[in-house]
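For reference, the structure discussed in these notes is given below.
The values are calculated or read from the model by the stated rules, or taken from the named source; none is laboratory data. Just so it is clear, the structure is predicted and the values come from calculations on it, not from any experiment. Cβ atoms come from the backbone with ideal geometry, glycine included; neighbour counts cover every protein chain shown. To get the accessible areas, we keep the full protein, side chains included, count just its heavy atoms, and leave off ligands, DNA and RNA. Shrake-Rupley method; radii C 1.70, N 1.55, O 1.52, S 1.80 Å.
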Amino acid sequence: MVRAAVLAALGRPLEIRDDVEVEDPRTGEVQVRIVASGVCHSDLSARDGVMLMPTPAVLGHEGAGVVEKVGDGVTAVQPGDPVLVSWVPQCGTCYLCERRQGHLCETATITLASGGLLDGTTRLRSGGAPLHQMAASGTFSELAVVPETGLVKLPADLDLKLASLLGCSVLTGVGAVLNTARVAEGDTVAVVGCGGVGLNVIQGARIAGAARIIAVDTNPAKLDLAASFGATHAVDASSTDAVAGVMKLTEQRGADVAFEVVGAQRTIDQAITMTRRGGHAVLVGVPAMDVTVSVPAFFGVVLAGKTISGCWYGSSNIRQDVPRLLRLYRAGRLDLEGLVSRTIDLSEVNEALEALGTGDLARSVIVHRPPAA
Ligand code: APR
Ligand code: ZN
Ligand code: ZN
(Lines give C-alpha, C1' and ligand atoms only; values in the text may rest on other atoms or scores of the structure.)
(Ligands and ions follow the chains in the order given, each with its own letter.)
Protein backbone atom coordinates (compact mmCIF):
# COMPACT_ATOMS: atom_id res chain seq x y z
CA MET A 1 0.00 0.00 0.00
CA VAL A 2 1.21 3.47 -0.81
CA ARG A 3 0.35 7.08 -0.10
CA ALA A 4 -1.52 9.16 -2.66
CA ALA A 5 -3.60 12.31 -2.86
CA VAL A 6 -7.13 11.35 -3.86
CA LEU A 7 -9.86 13.51 -5.38
CA ALA A 8 -12.96 11.86 -3.92
CA ALA A 9 -15.43 14.26 -5.54
CA LEU A 10 -15.15 17.28 -7.82
CA GLY A 11 -14.40 20.57 -6.12
CA ARG A 12 -13.22 18.99 -2.87
CA PRO A 13 -9.74 19.19 -1.34
CA LEU A 14 -7.59 16.15 -2.11
CA GLU A 15 -7.47 13.49 0.63
CA ILE A 16 -4.09 12.12 1.61
CA ARG A 17 -4.62 8.37 1.88
CA ASP A 18 -2.15 5.70 2.96
CA ASP A 19 -4.25 2.75 1.84
CA VAL A 20 -3.80 2.91 -1.91
CA GLU A 21 -3.30 -0.51 -3.48
CA VAL A 22 -1.30 -0.80 -6.67
CA GLU A 23 -1.91 -3.67 -9.05
CA ASP A 24 0.98 -5.23 -10.96
CA PRO A 25 1.57 -3.83 -14.44
CA ARG A 26 -0.19 -5.69 -17.24
CA THR A 27 1.14 -6.29 -20.75
CA GLY A 28 2.82 -3.14 -22.07
CA GLU A 29 2.62 -1.39 -18.69
CA VAL A 30 5.22 -0.27 -16.19
CA GLN A 31 5.11 0.36 -12.45
CA VAL A 32 6.98 3.53 -11.61
CA ARG A 33 8.03 4.81 -8.18
CA ILE A 34 7.23 8.50 -8.62
CA VAL A 35 10.04 10.57 -7.14
CA ALA A 36 8.73 14.05 -7.89
CA SER A 37 5.67 15.72 -9.35
CA GLY A 38 4.99 19.32 -10.23
CA VAL A 39 1.63 20.85 -9.37
CA CYS A 40 0.08 22.30 -12.55
CA HIS A 41 -2.97 24.44 -13.19
CA SER A 42 -4.54 21.52 -15.03
CA ASP A 43 -4.61 19.60 -11.71
CA LEU A 44 -6.65 22.45 -10.27
CA SER A 45 -8.89 22.44 -13.36
CA ALA A 46 -9.39 18.69 -12.98
CA ARG A 47 -10.18 19.06 -9.28
CA ASP A 48 -12.81 21.67 -10.04
CA GLY A 49 -14.37 19.92 -13.02
CA VAL A 50 -13.18 22.59 -15.46
CA MET A 51 -11.44 19.72 -17.23
CA LEU A 52 -13.11 16.36 -17.66
CA MET A 53 -12.20 14.11 -14.69
CA PRO A 54 -14.07 11.05 -13.46
CA THR A 55 -13.78 10.50 -9.69
CA PRO A 56 -12.47 9.16 -7.41
CA ALA A 57 -9.10 9.88 -8.95
CA VAL A 58 -5.43 10.39 -8.34
CA LEU A 59 -4.40 13.66 -10.00
CA GLY A 60 -0.88 14.72 -11.00
CA HIS A 61 0.54 14.50 -14.51
CA GLU A 62 3.95 16.19 -14.35
CA GLY A 63 6.21 13.55 -12.89
CA ALA A 64 9.43 11.61 -13.00
CA GLY A 65 10.48 8.48 -11.18
CA VAL A 66 12.22 5.13 -11.25
CA VAL A 67 10.92 1.93 -12.84
CA GLU A 68 10.07 -0.76 -10.27
CA LYS A 69 8.38 -3.50 -12.31
CA VAL A 70 7.62 -4.08 -15.95
CA GLY A 71 4.72 -5.99 -17.47
CA ASP A 72 4.93 -8.56 -20.26
CA GLY A 73 6.30 -7.33 -23.54
CA VAL A 74 7.95 -4.19 -22.16
CA THR A 75 11.28 -3.57 -23.85
CA ALA A 76 11.93 0.19 -23.66
CA VAL A 77 12.69 0.32 -19.95
CA GLN A 78 13.74 -1.99 -17.13
CA PRO A 79 13.66 -1.88 -13.32
CA GLY A 80 15.98 0.80 -11.98
CA ASP A 81 15.69 3.09 -15.01
CA PRO A 82 14.92 6.76 -14.28
CA VAL A 83 11.98 7.85 -16.41
CA LEU A 84 9.86 10.82 -17.34
CA VAL A 85 6.10 10.25 -17.34
CA SER A 86 4.34 11.77 -20.35
CA TRP A 87 0.68 12.60 -19.91
CA VAL A 88 0.17 11.67 -23.55
CA PRO A 89 1.35 8.11 -24.27
CA GLN A 90 2.79 8.07 -27.80
CA CYS A 91 2.58 4.71 -29.53
CA GLY A 92 4.76 5.70 -32.49
CA THR A 93 2.74 3.65 -34.97
CA CYS A 94 -0.79 5.09 -35.24
CA TYR A 95 -1.91 7.37 -38.09
CA LEU A 96 -1.02 10.56 -36.20
CA CYS A 97 2.22 9.30 -34.62
CA GLU A 98 3.38 8.32 -38.10
CA ARG A 99 2.71 11.92 -39.17
CA ARG A 100 4.94 13.25 -36.39
CA GLN A 101 1.97 14.29 -34.28
CA GLY A 102 2.64 12.08 -31.29
CA HIS A 103 0.96 14.66 -29.03
CA LEU A 104 -2.31 13.59 -30.67
CA CYS A 105 -1.59 9.84 -30.51
CA GLU A 106 -4.80 7.96 -31.19
CA THR A 107 -4.19 5.50 -28.37
CA ALA A 108 -4.21 8.36 -25.84
CA THR A 109 -7.73 9.57 -26.56
CA ILE A 110 -9.30 6.98 -24.28
CA THR A 111 -6.96 7.78 -21.39
CA LEU A 112 -8.19 11.36 -21.02
CA ALA A 113 -11.83 10.46 -21.43
CA SER A 114 -11.82 7.42 -19.16
CA GLY A 115 -9.33 8.39 -16.47
CA GLY A 116 -7.69 5.04 -17.12
CA LEU A 117 -4.82 3.47 -19.01
CA LEU A 118 -4.86 2.42 -22.67
CA ASP A 119 -7.73 -0.04 -22.09
CA GLY A 120 -9.68 2.49 -20.01
CA THR A 121 -9.10 0.68 -16.72
CA THR A 122 -6.95 1.71 -13.75
CA ARG A 123 -4.39 -0.09 -11.56
CA LEU A 124 -5.02 1.84 -8.34
CA ARG A 125 -7.63 1.14 -5.65
CA SER A 126 -8.55 2.61 -2.31
CA GLY A 127 -11.29 1.69 0.12
CA GLY A 128 -12.36 -1.12 -2.18
CA ALA A 129 -13.03 1.20 -5.13
CA PRO A 130 -10.93 1.76 -8.27
CA LEU A 131 -9.15 5.11 -8.45
CA HIS A 132 -8.94 6.81 -11.83
CA GLN A 133 -5.52 8.07 -12.92
CA MET A 134 -5.36 11.55 -14.45
CA ALA A 135 -4.09 11.50 -18.04
CA ALA A 136 -2.67 7.97 -17.84
CA SER A 137 -0.40 9.11 -15.03
CA GLY A 138 -1.55 10.01 -11.49
CA THR A 139 1.76 11.31 -10.20
CA PHE A 140 0.32 12.42 -6.85
CA SER A 141 0.83 8.77 -5.87
CA GLU A 142 4.07 7.22 -4.63
CA LEU A 143 3.58 4.42 -7.14
CA ALA A 144 1.87 4.60 -10.52
CA VAL A 145 1.30 2.08 -13.28
CA VAL A 146 1.51 3.70 -16.70
CA PRO A 147 1.76 2.60 -20.34
CA GLU A 148 5.29 1.89 -21.57
CA THR A 149 4.53 4.27 -24.45
CA GLY A 150 4.14 7.11 -21.94
CA LEU A 151 7.68 6.82 -20.60
CA VAL A 152 10.93 8.37 -21.74
CA LYS A 153 14.15 7.03 -20.23
CA LEU A 154 16.24 9.74 -18.55
CA PRO A 155 19.98 9.99 -17.96
CA ALA A 156 21.06 8.52 -14.62
CA ASP A 157 22.69 11.73 -13.37
CA LEU A 158 19.65 13.96 -13.80
CA ASP A 159 17.91 15.37 -10.69
CA LEU A 160 14.41 13.90 -10.95
CA LYS A 161 12.91 16.86 -9.12
CA LEU A 162 13.99 19.10 -11.99
CA ALA A 163 13.22 16.45 -14.60
CA SER A 164 9.60 16.12 -13.44
CA LEU A 165 8.84 19.58 -14.82
CA LEU A 166 9.73 18.45 -18.32
CA GLY A 167 6.61 16.26 -18.17
CA CYS A 168 4.11 19.09 -18.57
CA SER A 169 5.13 22.72 -18.26
CA VAL A 170 8.44 22.53 -20.15
CA LEU A 171 7.32 20.22 -22.97
CA THR A 172 4.15 22.29 -23.36
CA GLY A 173 5.63 25.77 -23.05
CA VAL A 174 8.87 25.33 -24.96
CA GLY A 175 7.10 23.08 -27.46
CA ALA A 176 4.48 25.76 -28.14
CA VAL A 177 7.31 27.99 -29.36
CA LEU A 178 9.63 25.55 -31.13
CA ASN A 179 7.03 23.11 -32.51
CA THR A 180 3.60 24.77 -32.75
CA ALA A 181 4.60 28.32 -33.66
CA ARG A 182 8.14 27.76 -34.95
CA VAL A 183 9.11 31.22 -33.73
CA ALA A 184 11.91 32.66 -35.85
CA GLU A 185 14.97 34.63 -34.81
CA GLY A 186 14.09 38.31 -34.47
CA ASP A 187 10.34 37.74 -33.93
CA THR A 188 8.24 39.77 -31.53
CA VAL A 189 6.38 37.45 -29.20
CA ALA A 190 3.65 38.18 -26.62
CA VAL A 191 2.84 35.74 -23.83
CA VAL A 192 -0.45 36.14 -21.96
CA GLY A 193 -0.18 34.32 -18.63
CA CYS A 194 3.21 33.83 -17.00
CA GLY A 195 2.63 30.86 -14.70
CA GLY A 196 4.54 27.59 -14.82
CA VAL A 197 3.63 27.00 -18.47
CA GLY A 198 3.87 30.64 -19.61
CA LEU A 199 7.38 31.00 -18.18
CA ASN A 200 8.41 28.10 -20.38
CA VAL A 201 6.88 29.80 -23.41
CA ILE A 202 9.01 32.80 -22.49
CA GLN A 203 12.20 30.79 -22.19
CA GLY A 204 11.30 28.93 -25.38
CA ALA A 205 11.05 32.28 -27.16
CA ARG A 206 14.45 33.26 -25.77
CA ILE A 207 15.90 29.95 -27.02
CA ALA A 208 14.35 30.59 -30.47
CA GLY A 209 16.05 33.99 -30.61
CA ALA A 210 12.96 36.19 -30.41
CA ALA A 211 13.99 39.84 -30.33
CA ARG A 212 11.15 41.13 -28.19
CA ILE A 213 9.35 38.99 -25.64
CA ILE A 214 6.39 40.77 -24.08
CA ALA A 215 5.11 39.20 -20.85
CA VAL A 216 1.47 39.91 -19.98
CA ASP A 217 0.00 39.00 -16.60
CA THR A 218 -2.49 40.37 -14.08
CA ASN A 219 -0.09 39.48 -11.26
CA PRO A 220 2.85 41.94 -11.24
CA ALA A 221 5.04 39.46 -9.29
CA LYS A 222 4.87 37.09 -12.29
CA LEU A 223 6.19 39.81 -14.55
CA ASP A 224 9.41 40.01 -12.50
CA LEU A 225 9.72 36.25 -12.73
CA ALA A 226 9.06 36.49 -16.48
CA ALA A 227 11.99 38.88 -16.86
CA SER A 228 14.30 36.33 -15.24
CA PHE A 229 13.21 33.79 -17.91
CA GLY A 230 13.93 36.16 -20.79
CA ALA A 231 10.99 38.57 -21.14
CA THR A 232 12.21 41.89 -22.48
CA HIS A 233 9.00 43.87 -21.89
CA ALA A 234 6.03 43.61 -19.54
CA VAL A 235 2.38 44.57 -19.60
CA ASP A 236 0.69 44.62 -16.20
CA ALA A 237 -2.82 43.54 -17.18
CA SER A 238 -4.16 44.45 -13.73
CA SER A 239 -3.78 48.13 -14.58
CA THR A 240 -3.40 48.26 -18.38
CA ASP A 241 -5.52 46.77 -21.14
CA ALA A 242 -3.50 43.79 -22.39
CA VAL A 243 -4.13 44.45 -26.08
CA ALA A 244 -3.45 48.19 -25.86
CA GLY A 245 -0.27 47.45 -23.90
CA VAL A 246 1.07 45.10 -26.54
CA MET A 247 0.04 47.43 -29.40
CA LYS A 248 1.91 50.28 -27.75
CA LEU A 249 5.07 48.18 -27.60
CA THR A 250 4.77 47.05 -31.24
CA GLU A 251 4.23 50.30 -33.14
CA GLN A 252 0.47 49.49 -33.09
CA ARG A 253 1.17 46.47 -35.30
CA GLY A 254 0.75 43.63 -32.81
CA ALA A 255 2.97 40.65 -32.07
CA ASP A 256 4.29 38.29 -34.73
CA VAL A 257 3.23 35.47 -32.46
CA ALA A 258 0.96 35.70 -29.38
CA PHE A 259 0.53 32.82 -26.94
CA GLU A 260 -2.49 32.42 -24.68
CA VAL A 261 -1.42 30.53 -21.56
CA VAL A 262 -4.30 31.14 -19.17
CA GLY A 263 -7.28 29.29 -20.63
CA ALA A 264 -9.96 32.00 -20.30
CA GLN A 265 -12.43 33.53 -22.74
CA ARG A 266 -11.08 37.04 -22.34
CA THR A 267 -7.41 36.18 -22.69
CA ILE A 268 -8.05 33.96 -25.71
CA ASP A 269 -9.75 36.85 -27.52
CA GLN A 270 -7.01 39.21 -26.37
CA ALA A 271 -4.22 36.99 -27.65
CA ILE A 272 -5.84 36.74 -31.09
CA THR A 273 -6.49 40.46 -31.21
CA MET A 274 -2.93 41.41 -30.22
CA THR A 275 -1.51 39.24 -33.03
CA ARG A 276 -0.41 41.35 -36.02
CA ARG A 277 -1.89 40.95 -39.51
CA GLY A 278 -0.41 37.80 -40.98
CA GLY A 279 0.74 36.71 -37.55
CA HIS A 280 0.09 33.60 -35.49
CA ALA A 281 -2.00 33.21 -32.33
CA VAL A 282 -1.31 30.04 -30.37
CA LEU A 283 -3.84 28.83 -27.79
CA VAL A 284 -2.05 26.86 -25.09
CA GLY A 285 -4.23 27.26 -21.97
CA VAL A 286 -6.95 24.70 -21.30
CA PRO A 287 -10.29 26.52 -21.13
CA ALA A 288 -13.57 25.38 -19.58
CA MET A 289 -15.78 23.42 -21.96
CA ASP A 290 -18.16 26.35 -22.62
CA VAL A 291 -15.46 28.83 -23.67
CA THR A 292 -15.60 29.80 -27.34
CA VAL A 293 -13.30 31.73 -29.65
CA SER A 294 -15.20 34.93 -30.36
CA VAL A 295 -13.18 37.25 -32.60
CA PRO A 296 -14.90 38.70 -35.69
CA ALA A 297 -14.29 36.28 -38.56
CA PHE A 298 -13.72 38.92 -41.26
CA PHE A 299 -11.82 41.74 -39.54
CA GLY A 300 -10.29 39.48 -36.91
CA VAL A 301 -9.14 36.55 -39.02
CA VAL A 302 -9.76 36.66 -42.81
CA LEU A 303 -8.84 40.25 -43.64
CA ALA A 304 -6.15 40.04 -41.00
CA GLY A 305 -4.69 36.91 -42.60
CA LYS A 306 -4.07 35.46 -39.15
CA THR A 307 -3.38 31.89 -38.20
CA ILE A 308 -4.95 30.57 -35.01
CA SER A 309 -3.48 27.31 -33.71
CA GLY A 310 -4.45 25.05 -30.90
CA CYS A 311 -1.44 23.77 -29.00
CA TRP A 312 -1.84 20.42 -27.26
CA TYR A 313 1.15 19.30 -25.18
CA GLY A 314 3.46 21.66 -27.06
CA SER A 315 2.91 19.64 -30.26
CA SER A 316 5.63 17.43 -28.76
CA ASN A 317 7.00 14.15 -29.96
CA ILE A 318 8.35 13.06 -26.62
CA ARG A 319 11.11 10.77 -27.90
CA GLN A 320 12.71 13.58 -29.88
CA ASP A 321 11.73 16.53 -27.73
CA VAL A 322 12.81 15.28 -24.30
CA PRO A 323 16.41 14.65 -25.48
CA ARG A 324 16.39 18.07 -27.19
CA LEU A 325 15.26 19.76 -23.96
CA LEU A 326 17.96 17.93 -22.03
CA ARG A 327 20.61 19.14 -24.50
CA LEU A 328 19.35 22.70 -24.02
CA TYR A 329 19.44 22.23 -20.24
CA ARG A 330 22.99 20.89 -20.27
CA ALA A 331 24.06 23.77 -22.52
CA GLY A 332 22.74 26.21 -19.91
CA ARG A 333 20.03 27.48 -22.26
CA LEU A 334 17.02 25.97 -20.48
CA ASP A 335 16.39 26.97 -16.86
CA LEU A 336 14.84 24.18 -14.80
CA GLU A 337 16.12 25.24 -11.35
CA GLY A 338 14.37 28.61 -11.60
CA LEU A 339 11.02 26.91 -12.15
CA VAL A 340 11.08 25.24 -8.73
CA SER A 341 9.75 27.83 -6.31
CA ARG A 342 8.85 25.40 -3.54
CA THR A 343 9.68 21.80 -2.75
CA ILE A 344 6.83 20.29 -0.77
CA ASP A 345 5.57 17.07 0.77
CA LEU A 346 2.50 15.37 -0.72
CA SER A 347 0.53 16.43 2.38
CA GLU A 348 0.89 20.05 1.25
CA VAL A 349 -0.67 19.49 -2.17
CA ASN A 350 -3.92 21.33 -1.38
CA GLU A 351 -2.05 24.49 -0.39
CA ALA A 352 -0.01 24.20 -3.60
CA LEU A 353 -3.19 23.95 -5.69
CA GLU A 354 -4.64 27.02 -4.00
CA ALA A 355 -1.36 28.90 -4.49
CA LEU A 356 -1.41 28.51 -8.29
CA GLY A 357 -1.53 31.89 -9.96
CA THR A 358 -0.60 33.77 -6.78
CA GLY A 359 2.57 35.49 -5.60
CA ASP A 360 5.83 34.95 -7.45
CA LEU A 361 5.32 31.20 -7.66
CA ALA A 362 6.52 29.34 -10.74
CA ARG A 363 6.01 25.73 -9.68
CA SER A 364 5.50 23.84 -6.42
CA VAL A 365 7.13 20.43 -6.74
CA ILE A 366 6.14 17.47 -4.59
CA VAL A 367 8.99 15.17 -3.62
CA HIS A 368 7.52 11.87 -2.45
CA ARG A 369 8.84 10.03 0.63
CA PRO A 370 11.66 7.61 -0.13
CA PRO A 371 10.46 3.98 -0.17
CA ALA A 372 10.51 2.19 3.21
CA ALA A 373 13.71 0.17 3.60
N1 APR B 1 -4.56 38.11 -17.94
C2 APR B 1 -3.25 37.79 -17.86
N3 APR B 1 -2.78 36.81 -17.04
C4 APR B 1 -3.66 36.15 -16.28
C5 APR B 1 -5.04 36.43 -16.32
C6 APR B 1 -5.50 37.47 -17.19
N7 APR B 1 -6.78 37.80 -17.29
N8 APR B 1 -5.67 35.59 -15.45
C9 APR B 1 -4.71 34.81 -14.90
N10 APR B 1 -3.49 35.14 -15.40
C11 APR B 1 -2.19 34.57 -15.08
C12 APR B 1 -1.98 34.25 -13.60
O13 APR B 1 -1.65 35.42 -12.86
C14 APR B 1 -0.83 33.25 -13.68
O15 APR B 1 0.43 33.89 -13.66
O16 APR B 1 -2.06 33.31 -15.71
C17 APR B 1 -1.05 32.57 -15.02
C18 APR B 1 -1.49 31.10 -14.88
O19 APR B 1 -0.45 30.42 -14.27
P20 APR B 1 -0.61 29.07 -13.42
O21 APR B 1 -1.80 29.16 -12.52
O22 APR B 1 0.73 28.73 -12.87
O23 APR B 1 -1.04 28.02 -14.56
P24 APR B 1 -0.12 27.07 -15.48
O25 APR B 1 0.18 25.82 -14.73
O26 APR B 1 0.97 27.86 -16.07
O27 APR B 1 -1.17 26.69 -16.61
C28 APR B 1 -1.64 27.65 -17.54
O29 APR B 1 -2.00 26.04 -19.25
O30 APR B 1 -1.74 23.76 -19.03
C31 APR B 1 -2.66 24.80 -19.05
O32 APR B 1 -4.51 24.06 -17.69
C33 APR B 1 -3.40 24.92 -17.75
O34 APR B 1 -4.93 26.49 -18.63
C35 APR B 1 -3.80 26.36 -17.80
C36 APR B 1 -2.63 27.03 -18.47
ZN1 ZN C 1 0.01 20.36 -16.74
ZN1 ZN D 1 0.16 6.88 -31.67
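Per residue, segment 51-139 exposes 38 Å² of solvent-accessible protein surface, assessed with a 1.4 angstrom probe and all protein chains in place. Here's how it looks for ARG276: its modeled amide H is under 5 Å from those of ALA255, ASP256, which are all 5 or more places away or on a different chain.
Rounded to whole numbers, the Karplus 3J(HN,Hα) couplings from phi for segment 294-299 are 10, 8, x, 5, 6, 5 Hz, using 6.51 cos²θ - 1.76 cosθ + 1.60 with θ = phi - 60°, and x at Gly and Pro.
For LYS69, the residues 5 or more places off, or on other chains, whose built amide H falls under 5 Å of its own are GLN31.
Counting only protein heavy atoms and a probe of 1.4 Å, the accessible surface of segment 130-265 is 51% carbon and sulfur.
Spin-label model, ALA373/ALA211: points 7 Å from Cα along the beta carbon direction are separated by 6.1 nm.
Taking label positions 7 Å along the Cα-Cβ direction at both ALA8 and ASP345, the computed distance is 2.1 nm, reported to one decimal. Shape class of segment 42-108 from the Cα gyration tensor (axes a ≥ b ≥ c, square roots of the eigenvalues): oblate, since a/c reaches 1.5 or more and a/b does not exceed b/c.
Please report the relative contact order for segment 205-315, taking Cα pairs under 8 Å with a sequence separation of at least 6, and give it as a percent rounded to a whole number.
On the way: 182 pairs, mean separation 20.6, N = 111.
RCO, segment 205-315: 19 percent.
For the chain, what relative contact order do you get, as a whole percent, if you take Cα pairs closer than 8 Å and at least 6 residues apart? The normalised contact order for the chain reaches 18 percent. Computed from backbone phi, the HN-Hα couplings of segment 148-161 come to 3, 6, x, 10, 10, 5, 10, x, 5, 8, 8, 5, 5, 5 Hz, rounded to whole numbers (Karplus: 6.51 cos²θ - 1.76 cosθ + 1.60, θ = phi - 60°; Gly and Pro given as x). Applying the Karplus relation 6.51 cos²θ - 1.76 cosθ + 1.60 with θ = phi - 60° to segment 133-143 yields 3J(HN,Hα) values of 10, 4, 6, 6, 10, x, 7, 8, 10, 5, 10 Hz, where x marks Gly and Pro. With the highest mean first, a sort of the peptides 142-148, 22-28, 362-368 on other beta-carbon atoms found within 10 angstrom per residue produces 142-148, 362-368, 22-28.
Using a 10 Å cut-off on Cβ atoms, rank the peptides 258-267, 197-206, 9-18 from the highest mean neighbour count down.
Output ranking for 258-267, 197-206, 9-18: 197-206, 258-267, 9-18.
Rounded, prolate or oblate: which one fits segment 173-312, using the alpha carbon gyration tensor with axes a ≥ b ≥ c (rounded when a/c is under 1.5, else prolate when a/b beats b/c, else oblate)? Rounded shape, in that the Cα axes give a/c under 1.5. Gain on full extension, evaluated as 0.36 nm per residue between THR75 and ASP224 minus their Cα-Cα distance, stands at 49.1 nm.
Compute the whole-percent fraction of alpha carbon pairs in the chain spaced more than 41 Å apart. Walk me through the intermediate numbers first.
Numbers: 6706 of 69378 pairs.
Distances greater than 41 Å cover 10 percent of the Cα pairs.
At the residue level, THR358 shows approximately 70 square angstrom of accessible surface with a 1.4 angstrom probe and all protein chains present.
What the Cβ-Cβ distance of ALA331 and THR292 gives, at R0 = 30 Å and to the nearest 0.05, is a FRET efficiency of 0.15. Excluding ligands, DNA and RNA, the accessible surface per residue across segment 210-346 is 45 Å² with a 1.4 Å probe. Here the calculated FRET efficiency for THR109 and GLU21, from their Cβ-Cβ distance with R0 = 22 Å, stands at 0.20, rounded to the nearest 0.05.
Based on DSSP H runs of at least 4 residues, each adding -39500 (n - 2.57), what is the mean residue ellipticity at 222 nm of the chain after dividing by all its residues, to the nearest 500 deg cm²/dmol? Intermediate results must be reported in sequence, preceding the final value.
Numbers: 11 runs with 88 residues, N = 373.
For the chain, the value works out to -6500 deg cm²/dmol.
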